[in-house]
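The values are calculated or read from the model by the stated rules, or taken from the named source; none is laboratory data. All values derive from a computational prediction rather than experimental measurement. No Cβ is skipped: glycine too gets one built from the backbone with ideal geometry, and neighbour counts run over all protein chains shown. Calculation scope for accessible area: heavy atoms of the full protein, side chains included, ligands and nucleic acids excluded. Shrake-Rupley method; radii C 1.70, N 1.55, O 1.52, S 1.80 Å.
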Amino acid sequence: MRYTITMSKKTLVELDPWLAPHEGVINAREAYVSSTLERVLDGKSPAEFALGFHHFGLHQTAAGWTFREWAPNATRIVMVGDFSEWQEREEFALRPGVHGEWSVDLPKHALHHGQNYKLRVYWPNGDGWRLPSYATYVVQDDESVDFSAVVWQPDEPYQWQHDIPPAPNVPLIYEAHIGMSSEEEKVASFNEFTAGVLPRIKQSGYNTIQLMAIAEHPYYGSFGYHVSNFFAVSSRFGTPDDFKRLVDTAHGLGLRVIIDIVHAHASKNEVEGLSNFAGDPTQYFKAHDHPAWDSRLFDYGKPEVLHFLASNCRWWLDEYHVDGFRFDGVTSMLYHDHGLGKSFTSYDDYFAGDDVDKDALVYLRLANDVIHAVRPDATTIAEEMSGLPGLAAPAEHGGLGFDYRLAMGAPDLWIKTLKEKRDEDWDLGELAHTLSSHRPEEKVITYAESHDQALVGDKTLIFRLIDKAMYWHMDKADPDLMVERGVALHKLIRLLTAGLHGGGYLNFMGNEFGHPEWIDFPRQGNDWSFKHARRQWSLRDNGFLKYQWLGEFDANLMKLIKTVNDPGIHYLTIRQHDHVVSFMRGDLLFIINFSPSQSQTDYVLPAAAGSYRVALSSDDQQFGGHGRIHQNQRYFTTPGPHGDNVQVYLPARSGLVLCRID
């Protein structure tokens, strides 16, 4: 059974009556989106519309080669490369056509697989080197650090070996970065990730991989968010076939693969990017840049830009068999002010005034229509913090069509709690509410921390809990009190967050075992060091350190969470004075005692009638606990004046999950 939200009502307003005062705005926006898409699609289906990569770019044909480019401001374009000894030759000059298109047909012998090339583009009063907008592989010269496109047409195309796994009931997402996945201080490769990390992810119990920084980006330290070549895998990690092999191998392990897709903005680089492509800085983009990100903003009001971006979505599905996308920076796309400095505490923030970019609504609806038309089983996730109503609702209900929204408030609350409150002052009501709340029409991906929380200037949760004691007291034989507290709370934070998920759960690579310190990519400020841009897997593996306890607990937790596909949270009980919270998800009863010192004996909590067994205990010795919960014990409910109850023993700072068996 899939984790599903029942939407029997037809509109967002019917589902949420508080939207009624804004029904006129909602309907007007829907009318704009629908009419614009009808005009732009011009009789084509979304899937047919998104086939730009079949037309533009370099293609091998029966007669030879065809290359096409869209550059309405250009006056001359020439392909220049290894095949022309890097000289402009007339036989490689493109001919102008209609609607700003340029093209050239070449004989078979003119180009060969592996050759590097660029475009020499001329425009009124200027010219410059550019890379094709649909380049599928781009490499950087080691000496000149110059980027060139590559003729990628191997004699033997990659042969896919494995079927695509079905979409899981509950996505358990392992967020990962290829380059920093090695323990060595270097940029790791697709092949190394395939051989060394995929088996770890499978063993850890996750069913979906979310890969960052796959599209080509000139600056490694941008974390992949300043993309220059949208149809090219990053060559610093390997070749297109290497990435195909990674996806194929993951599918063979039963793992789905989604990638970050960055359509909110683009790199300002001109020579290797789209900015100022043919002497016109507004060909793809708005006239102004992003005020906080130093990057270009796509102009979603142009049909050609919609075509380019929608085609990019389909390209990754068709060419690389990826299973969906996490759309980055959706809040920035939705609002003209990019959501900067806004708290979004009132529906007026969404519907009063003209701050919502209606053309961005058009694109996001189109993107989801394309993706789900091409791959009905695909997963789309919006990284969006404003909570715009309808974002993750189906189009037929007036939504934008995302499958999930990323619940970005959860990690911020955990950090705020750890920074500002003593353990005994944690507000369990606030925590439970934030972790479980979402709009009625949407599903969310919940998480305690992602890469964002560990970037330079901040810390991972475990490092925030343990700090410098991590350097001296992580040996299993060392009974350090600060580390014991940190290990216990690290488990409980994950238990509560995952247990209250609203559709799925996410973890960043290595955090499942409490990876230490922070993330800091090579840059001038750290003397170009890779020390904090890697994953120290040996900490988890050597068997003598407490990281193993955390990794084992997380793997066992994932086995339970993948079964939590009932959207309802039942028997939610918060006893702030005891520091205890409990709730049921399906047949699982989650009970967590956050008290730093008070264990609870014969503690009575409401539960569905039946008998229970222990499914998971954070106090188990294999997870670094004291083994005070008997694994074989059975628990039986008894009737009370307000319903059935179960009686349990709860050690301090421990979590217990019971499974109803009859």
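Worth pointing out:
- Portion, in percent, of the accessible area of the range 239-373 that falls on carbon or sulfur, probe 1.4 Å: 46 percent
- Per-residue SASA entry for Glu101, accessible area with 1.4 Å probe, Å² rounded to 10: 50 Å²
- Hits among aspartates and glutamates - C-alpha to C-alpha of Lys546 under 18 Å, sequence gap 8 or more where chains match: Asp467, Asp475, Asp478, Asp480, Glu484, Glu512, Glu517, Asp554, Asp619, Asp620
- Eigenvalues of the alpha-carbon gyration tensor of the chain, scaled by 5 and square-rooted, set the equivalent ellipsoid semi-axes at 47, 29, 21 angstrom, largest first.
- Taking only the Cα atoms of the range 372-433, the radius of gyration and Dmax are 16.4, 51 Å.
- Nearest-ten-degree value, helix 303-320 long axis tilted from longest Cα axis of the chain: 60 degrees
- These residues, Ser611, Ser189, go from largest to smallest accessible area, 1.4 Å probe, as Ser189, Ser611.
- Counted charge near Leu297, where neighbours are those whose Cβ lies closer than 14 Å (Asp, Glu -1; Lys, Arg +1): -3
- Here Lys443 is the anchor, and the lysines within straight C-alpha reach of less than 22 Å, apart from those fewer than 8 places off in the same chain, are Lys9, Lys10, Lys559, Lys562.
- Beta bridges per DSSP with both ends in the chain, % antiparallel, nearest 5: 70 percent
- Cα gyration tensor, the range 23-182 - rounded (a/c under 1.5), prolate or oblate: oblate
- With respect to the chain, whose longest principal axis is taken over its alpha-carbon atoms, helix 240-252 is tilted by about 30°.
- The residues of the chain expose on average 39 square angstrom of accessible surface per residue, using a 1.4 Å probe on protein heavy atoms.
- Each Cα pair of the range 436-475 feeds into the Kirkwood radius, which the Stokes-Einstein equation turns, at 37 °C and 0.692 mPa s, into a diffusion coefficient of 259 µm²/s.
- Scattering profile of the range 392-467 at q = 0.26 Å⁻¹ [log10 I(q)/I(0), Debye over alpha-carbon scatterers]: -1.19
- Rg and Dmax of the range 438-559, Cα atoms only, in Å: 15.4, 49
- Surface composition of the range 39-135: carbon and sulfur atoms hold 49% of the protein heavy-atom accessible area at a 1.4 Å probe.
- Relative packing of 58-66, 580-588, which averages over residues the other C-beta atoms within 10 Å, highest first: 580-588, 58-66
- Three principal axis extents describe the C-alpha atoms of the range 185-236; from largest down they are 35, 23, 17 Å.
- Database remark: amide H of Asp520 closer than 5 angstrom to the amide H of His532, Ala533 (H placed geometrically; neighbours at sequence offset of 5 or more, or on other chains; Pro and chain starts carry no H).
- Calculated mean residue ellipticity, 222 nm, the chain: -7500 deg cm²/dmol, from DSSP H runs (n ≥ 4) at -39500 (n - 2.57) each, averaged per residue and rounded to 500.
- Highest average packing first - 80-86, 320-326, 275-281, Cβ atoms within 10 Å: 320-326, 275-281, 80-86
- Ala608/Ser45 FRET efficiency (R0 45 Å; Cβ-Cβ; nearest 0.05): 0.45
- For Lys416, the solvent-accessible surface computed with a 1.4 Å probe is close to 100 Å², ligands and nucleic acids excluded.
- Residues of type lysines that Lys108 reaches as a straight line, Cα spacing below 29 Å, ignoring anything fewer than 8 places off in the same chain: Lys118, Lys244
- With Cα atoms, 0 to 90° folded angle of helix 547-561 axis to the chain main axis: 90 degrees
- Kirkwood hydrodynamic radius of the range 5-68, from the reciprocal of the average inverse Cα-Cα distance over all distinct pairs: 15.7 Å.
- Our coupling estimate for the range 177-183, obtained by passing each phi through the Karplus curve with A = 6.51, B = -1.76, C = 1.60 and θ = phi - 60°, is 10, 4, x, 9, 8, 8, 6 Hz, Gly and Pro reported as x.
- Of Asp527, Asp318, the order by accessible heavy-atom surface (1.4 Å probe, DNA, RNA and ligands excluded), from most exposed downward, is Asp527, Asp318.
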